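So the structure is just underneath, and the comments pick up after that.
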Amino acid sequence: MPYTLSPDQGYDVDIESTEYLHDRPEGHERWVLNFGPQHPATHTTLRIVLELDGERVVRATPHIGYLHSGFEKLAEHHDYNQYVCTVSRMDYISPIVNDIAWHHAVETLLGINLTPRCTVLRTILGELGRIQNHLMCVGVAALDLGAFTGFLYGFNEREFIYDIMDYISGQRFHPDYTRVGGLMRDIPDDTVFRGMVRQFIDERLPKAIRDLETLLNRNRIFVDRLQGVGAIDAADAVAWSLTGPVARASGVRRDLRKDEPYLCFADNWDGQGAEKVQFSVPLAQDGDCLCRYLVRLEEIRQSRRIIDQLIDRIPTGPVNVEVDSKYSLPDKGDVYGSIEGTIQLFEIFMTNRGWDVPVGETYAAIESPNGELGYYLVGDGSKCSWRAKTRPPSFLHFQVFPRILEGHQLADVVAVLGSLNIIAAELDR
């Protein structure tokens, strides 16, 4: 089937028509090129059908549907705790953020208030996840343009975050650490955890940022390949529902940590007058690939600032809501050492008892590294959601890809795609 050219490009005929060929210089053809779904520069399984006039892209048609995950349907069969193992596979670059987003929505539906200790720990882990995601994105921005060293600067530090996740949860890549009303377990030792995080934000991370900036920020090839490429203005960013660094690089002033605060970003988050953490939201105006890179780089610094305010004042106390709560998981020591703990665990996981879920609906979202990550939940009184709909940033950002790519060169495809940081597992849900 021939691809029909858009009228706004000046053509209204098919590329296979004789009329079109007669309108072009002799020997001049328009090429159709498949970019993906398996391509070393897509970073994931997605496909883009490119229509090329020489080296110029006149149309880009994105295609999804290559993972067939069925994530949202699984929510109807997994209970509110089990499903955390599924959501962490959506944006697998920073899985802990997905865990926090999912249980934030569940706790909104159930009307649960977290303990102060859990609130601080989730905030710290969420910002570590943001750093984890951005280090990959800014490093790959260099890799896509041929600068392998920049990729190593970002990727090496991600390994240390994996070590932290492994320490608290026993798993490096998919911690699946949150639970309804709290966490899977408390951190093993506050001093060790604090020391690991301090070493990362005080010693390792600042050096990585300096190395990236020294290598890339004034690199003529890097800047020329990104500046003015893939630009989108603020009005279009709002019209296309873009969020996160992609929108803020276009001057859109929106960050859910400020506009719809949660965890330690809210006033009086512990119920005893605790002040919200202080940070700045970086903004740019040009909306091109370079601005998206610079915004993410500055957000790494602001996440470090947030962690620095919290790491030395983690409250004592429980990480889960009250022990007699219907949602609270008993301590593992109680499960193995007392019949009461065993019964409570059995009732929560093996029967419908222990879940007092209202019949109703809610939507709740957090500011993930790529933008607004939210869940629309419908509860029917059972331990599983009747419907769980994800609002992933990548799905909305991918729709604008054709708009901002048209007119650029074929070599710009990887730069634009990398700056949007599309994660295919968020596309096929």
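Counting charges near Asp380 (Lys, Arg +1; Asp, Glu -1) among other residues having Cβ under 11 Å from its Cβ returns a value of 0. The three principal axes of the C-alpha atoms in the chain carry coordinate ranges of 85, 47, 33 Å, sorted with the longest axis first.
A full extension of the chain between Cys85 and Glu340 corresponds to an added length of 89.1 nm, given 0.36 nm per residue minus the alpha carbon distance. With the largest listed first and rounded to whole Å, the semi-axes of the equivalent ellipsoid of segment 267-318 from the Cα gyration tensor are 31, 12, 7.
Annotation: aspartates and glutamates with alpha-carbon distance below 16 angstrom to Lys276 (same-chain offsets under eight excluded): Glu127, Asp255, Asp259, Glu260, Asp267, Asp308, Asp312, Glu367.
Once you divide the Cα radius of gyration of segment 375-426 by 2.2 N^0.38 Å, the number left is 1.70.
Mind sorting Lys332, Lys383 by how few other Cβ atoms lie within 10 Å of their own Cβ, fewest first? Walk me through the numbers before you get to the answer.
On the way: Lys332 12, Lys383 20.
Ordered from fewest to most neighbouring Cβ atoms within 10 Å, Lys332, Lys383 come out as Lys332, Lys383.
When the Cα positions of Cys85, Leu294, Gly341 are compared along the charge dipole of segment 71-391, Leu294 comes out farthest toward the positive end, with charges on each C-beta of Lys, Arg, Asp and Glu. Its Cα centre serving as origin, the chain has a Cβ charge dipole (Lys and Arg +1, Asp and Glu -1) of approximately 740 debye. The Stokes-Einstein estimate for segment 121-258, based on a Kirkwood radius over Cα pairs and taken at 20 °C with 1.002 mPa s viscosity, is a diffusion coefficient of 125 µm²/s. Farthest toward the dipole's positive end in the chain, which of Pro282, Gly251, Cys118, given Cβ charges of +1 (Lys, Arg) and -1 (Asp, Glu) about the Cα centre? It is Cys118. Sorted from greatest to least, the principal axis extents spanned by the alpha carbons of segment 69-192 come out as 48, 40, 21 Å.
Every read-out reported here was derived from the displayed coordinates using simple, explicitly stated rules and does not represent laboratory data. Note that the structure is a prediction, hence the values are computed from the model and not measured. Ideal geometry is used to build each Cβ from the backbone, glycine not excepted, and the neighbour counts take in all protein chains shown.
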